[in-house]
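Participant: Sharing a structure, written as structure tokens. Questions coming.
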Amino acid sequence: MADVASTPQVVRFGVFEVDLWAGELRKKGVRVRLQEQPLQVLAVLLEQPGHVVTREELKHKLWAGTIVDFDHSINTTINKLREALGDSADTPRFIETLPRRGYRFIYPVNGALIVDTSVPVNDVPAATTTAAVNGAPTLAITVPGGLEDTSKVRDPAASWWRRHRAAGVVIFALLVALPLLGLNVGGLRDQMVGGPGAGHVTSIAVLPLKNLSGDPQQDYFADGMTEALITELGKIGALQVLSYQSMVSYRQSAKPLRQIAQELKVEAILEGAVLHSGERVRITANLIQVSPERHLWAETYEFNLRDVLTVQGEVARDMATRIRVKVTPREQTRLTTSRRVDAEAYEAYLLGRAHLSKTPTRASWTSAKEYFEKAIDKDPGYAAAYAALAELHIRHRGLTRDSSDARIQARQWGEKALKLDDTLAEAHAMLARSAQQDWDWPGAEREFRRAIELNPSYALARIWYAMYLYAMQRFEEAAVEARRAQQLDPASSLVNTWAGAAYFFVGRSADAMASWQKTLELDPNYADASLAIARTYVTQGKHQQAIEGLRKALLLNERHPLLLGALAHAYARDGQRDEALKLVSELTQIEAEERRSTPFGIIWAYAGLGDKDRAFACLERAYQDRVGRLVWLNVDPLLEPLRSDSRFRDLARRVGLPMLSSPQAR
């Protein structure tokens, strides 16, 4: 084997090249995303192509001092390396496995021929000291002769010299390595032997699992498994787990894991892959701590699809054990108590989730509903499918013409889900929303708190609870929950918009505006963010800014009733009554043509125009229909012109809202 001084910095084989200095694998000049651990294994194999590198040697070089299960970790690492190279264990082109011994790189490197090394490896082990400092290239001091073919070495003197030369280089290597360890340069000591906080993780992000089937039609399965793992991990209160929605954008990202972790403000990244074939599933999971960078845990799970619920809990328990996160007895029970699920039911459920996560349209809602109903038909005891139907009816009330029907159905599905499994956080959250729409405020709070208790990382439940809290005028509490929701789901338009509202109500206008601007950066079409900004401008008397923003939003959301109503309000408050009345006519026309109620758009318009009688007539209709926005009656800035009227206080009383804490608009 060549010594370090003569090892080329760029090693080429086939269409690939490895830049040892930059720490990159490239295919036809394009960088291939590969973690540090598999790349280090590849570098070791390329140092001695054609020669067997034993598992013990790899363990000594790259896993010394770590707390991982080495057997699982090396197997997973080799699999990831083969995946990056497009290689196969059964018919290897690059990396050959020698069972119970090690691995051998079998493809010509830099144009050289590979020597047949089927004879036994040398009995003189190689000694290597490896130091990776601040992500810089690996410093490898390698004892020559360690894995060379010595079957042709016949001179005893030469053999004696080789053994003693090896000892000398080992001593030299130690003299170099010990000062680095003592000074903990670049966190080297922490990486090799563990240091303060090494391996102890309290926040993670789960990257979308890769679909290894080769069939893009199976992407829904990988995405569904990712979301399910996030849900299971979220049951551990001591662990902050980011929402699936904030991870979707990283599916095809080539960003380094350290950068992803910094963007998401987490300490570790869990990544992996899933292979689904018939009723058999294989999941690989790898957990990497980013600072200091170290491979904490790796595992492969193979199972029948009907056991998927059990395995998901097992993954969460195994990972928690490895990173020394405290799991309470109740959490342990929730992670171990599960049932089998019909394979077809589970696949139908995942397909329903895939449609539910799409841009909301009647077609996507209908498809989601059909798949959830199919899941229930295949497995009537599958609680998650009932909870998903409840969520569908709560979030997309347009499935039925009568909003009260949607509310009643959501409550029924949620209650059915909890009869089957009362630990489903999603079902409790849906019952909370249903209770809120029934103006059962104590019941709503009880269910929100239970949902968060069962899954502290459930961002949607937290932001819904924040919205409930500021409806109750508990503004400080709302801001706390909103901030937590943003930490858990930083890329959610819904979370950022309503978190901004919580900050606005508590008087943190700058934070509110920053949240709304972030939403519009994520999704310029998100109407609720534009509405929130416009309402803020109206309360500040900046009517022209409100008008400008709303007109821009309408270019992206043509004929949006709430945007039109808010714009009419702003025109009226700015003295442009004719423009406001034109928009009232347009809103009336939309309602007639589309046969759907748009009460708050018209209510806001009439409030701005000072036409209280028409405004209260529309509010009464909204009360009879239990329109959702009535829960914010006391805090809606665009209703300020109506608050001095006794009819307003009477309506708030009938809805069950607390009396206004102050006459000031919030």
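Participant: Here are some residues: Gln517, Gln409, Gln487, Gln436. Which one is open to solvent by 20 Å² or more (accessible area, probe 1.4 Å), out of contact with any Ser or Thr (no Cβ under 9 Å at 6 or more places or on another chain) and part of a helix (DSSP H, G or I)? Please lay out each step first, then the result.
Facilitator: Details: Gln409 fails: out of contact with any Ser or Thr (no Cβ under 9 Å at 6 or more places or on another chain); Gln487 fails: out of contact with any Ser or Thr (no Cβ under 9 Å at 6 or more places or on another chain); Gln436 fails: open to solvent by 20 Å² or more (accessible area, probe 1.4 Å).
Being open to solvent by 20 Å² or more (accessible area, probe 1.4 Å), out of contact with any Ser or Thr (no Cβ under 9 Å at 6 or more places or on another chain) and part of a helix (DSSP H, G or I) holds for just one of Gln517, Gln409, Gln487, Gln436, which is Gln517.
Participant: Just give me the residues in the range 268-298 being over 18 Å from Asp318 (Cα atoms) and of a type outside the set (A, V, I, L, M), in sequence order.
Facilitator: Correct list: His276, Ser277, Gly278, Glu279, Arg280, Ser291, Pro292, Glu293.
Participant: From the list Thr359, Thr366, exactly one residue is more than 25 Å from Gln240 (Cα to Cα) and out of contact with any helix residue (DSSP H, G or I) (no Cβ under 9 Å at 6 or more places or on another chain). Which is it?
Facilitator: So the residue among Thr359, Thr366 that is more than 25 Å from Gln240 (Cα to Cα) and out of contact with any helix residue (DSSP H, G or I) (no Cβ under 9 Å at 6 or more places or on another chain) is Thr359.
Participant: Within the range 288-310, which residues are farther than 14 Å from Pro256 by Cα, in contact (Cβ under 8 Å) with a residue 24 or more places away in the chain and touching a strand residue (DSSP E or B) at 6+ places or on another chain (Cβ under 7 Å)?
Facilitator: His295, Leu296, Trp297, Ala298, Glu299, Thr300, Asn304, Leu305, Val308
Participant: Gln436 fails exactly one of the following numbered conditions: (1) within 22 Å of Trp632 (Cβ to Cβ); (2) modelled with pLDDT of 95 or more; (3) among the polar types (S, T, N, Q). What is the number of that condition?
Facilitator: All conditions pass for Gln436, except number (2).
Participant: Further, regarding this structure: Out of curiosity, is Ser253 farther than 20 Å from Thr76 by Cα, outside any strand (DSSP E or B) and open to solvent by 60 Å² or more (accessible area, probe 1.4 Å)?
Facilitator: No: the conditions fail for Ser253.
Participant: So in the range 235-250, with the set limited to residues that are within 11 Å of the chain's Cα centre (by Cα) and not polar (S, T, N, Q), which one is surrounded by the fewest Cβ atoms within 10 Å (Cβ to Cβ)?
Facilitator: Selected residue: Val248.
Participant: Let me ask something else. Taking the range 200-222, which residues are open to solvent by less than 40 Å² (accessible area, probe 1.4 Å) and of a type in the set (A, V, I, L, M, F, W, C)?
Facilitator: Val201, Ile204, Ala205, Val206, Leu207, Leu209, Phe221, Ala222 - these are the residues of the range 200-222 that are open to solvent by less than 40 Å² (accessible area, probe 1.4 Å) and of a type in the set (A, V, I, L, M, F, W, C).
To keep it simple, each residue is scored yes or no on (1) in a helix (DSSP H, G or I); (2) of a type outside the set (A, V, I, L, M, F, W, C).
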| position | (1), (2) |
| --- | --- |
| Ala566 | yes, no |
| Ala570 | yes, no |
| Leu581 | yes, no |
| Thr588 | yes, yes |
| Glu593 | yes, yes |
| Arg614 | yes, yes |
| Leu630 | yes, no |
| Val635 | no, no |
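Here's the yes/no breakdown for (1) at pLDDT 85 or above; (2) loosely packed, with under 15 Cβ neighbours inside 10 Å:
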{"site": "Lys59", "(1), (2)": "yes, no"}
{"site": "Ala64", "(1), (2)": "no, yes"}
{"site": "Phe70", "(1), (2)": "no, no"}
{"site": "Ile74", "(1), (2)": "yes, no"}
{"site": "Leu81", "(1), (2)": "yes, no"}
{"site": "Ala89", "(1), (2)": "no, yes"}
{"site": "Glu96", "(1), (2)": "yes, no"}
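Participant: Also, quick follow-up: Name the one entry in Val341, Val327, Val311 that is open to solvent by less than 10 Å² (accessible area, probe 1.4 Å) and of a type in the set (Val, Ile, Thr).
Facilitator: After applying the criteria, what remains is Val341.
Participant: Can you tell me which residues in the range 1-52 are at pLDDT 85 or above, within 19 Å of Ala254 (Cα to Cα), out of contact with any helix residue (DSSP H, G or I) (no Cβ under 7 Å at 6 or more places or on another chain) and assigned to a helix (DSSP H, G or I)?
Facilitator: The answer is Leu39, and nothing else.
Participant: Does any residue in the range 29-56 that is open to solvent by less than 20 Å² (accessible area, probe 1.4 Å) come within less than 6 Å, Cβ to Cβ, of a residue that is in a loop (DSSP other than H, G, I, E, B) and hydroxyl-bearing (Ser, Thr, Tyr) six or more places away or on a different chain, and which pairs are these?
Facilitator: So the pair list comes out as Gly50/Thr117.
Participant: Quick check on the range 537-560. Is at least one of its residues modelled with pLDDT under 95, assigned to a helix (DSSP H, G or I) and touching a Pro at 6+ places or on another chain (Cβ under 9 Å)?
Facilitator: Yes, the range 537-560 has at least one match.
The values are calculated or read from the model by the stated rules, or taken from the named source; none is laboratory data. Note that this is a predicted model, so its numbers are computed, not measured. Glycine also receives a Cβ, built like all others from the backbone with ideal geometry; neighbour counts cover every protein chain displayed. When the accessible area is computed, the model is the full protein with side chains, heavy atoms only, and any ligands, DNA or RNA have been set aside. Shrake-Rupley method; radii C 1.70, N 1.55, O 1.52, S 1.80 Å.
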